[in-house]
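This is the structure I want to talk about, given as structure tokens.
Only the coordinates and a few stated rules stand behind these numbers; no lab work does. Note that the coordinates shown come from a computational prediction; the quantities given were computed from them, not determined experimentally. Cβ atoms come from the backbone with ideal geometry, glycine included; neighbour counts cover every protein chain shown.
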Amino acid sequence: MIAVIVWDRPGPDAAAARTRLLAAHLAHVETIMDRIAVAGPLLGTDGKPSGSLIVLDVETVAAARAIFESDPYFGAGIWQEPAIVPYRAVAGAWVGGKAW
């Protein structure tokens, strides 16, 4: 699995673009649903979206980057440079307990 963590670029333009492109973003998410382990917005202290987290069930960072870069939010410049890193789920309710 690969985790992608990304913050929105600063300023009101990013928030407005996020709202304007929400339907297109969600439509994109539906096309990749079979490769998503978990995804959702990261929230600021005000409770509003300020970034995104997506854990993808793909083999390589390159595959995750290609999926990330095909998102309308990326194309609109809403997101800053992401952290894209290999990830292994080993504990918790989503894992079904522990994996050791």
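Would you mind getting the Kirkwood hydrodynamic radius of segment 45-100 from its Cα pairs, rounded to one decimal in Å?
Here the Kirkwood hydrodynamic radius works out to 13.5 Å.
Can I ask one more? Could you order the peptides 64-73, 91-100, 14-23 from most to least packed, using the average number of other C-beta atoms within 10 Å per residue? Numbers along the way, then the final one.
Numbers: 64-73: 17.5, 91-100: 8.7, 14-23: 15.2.
My ranking of the peptides, most packed first, is 64-73, 14-23, 91-100.
Here is a further query. Could you give the nm distance between label points at ALA16 and THR60, where each point is 7 Å from its Cα heading toward the beta carbon?
4.0
P(r) of the chain in 10 Å steps, Cα pairs, percent per bin?
Per 10 Å bin, starting at 0, the Cα pair percentages come out as 15, 47, 30, 8, 1.
Can you pull the one-decimal nm distance between simple spin-label points at VAL85 and ALA99, each 7 Å off the Cα toward Cβ?
1.6
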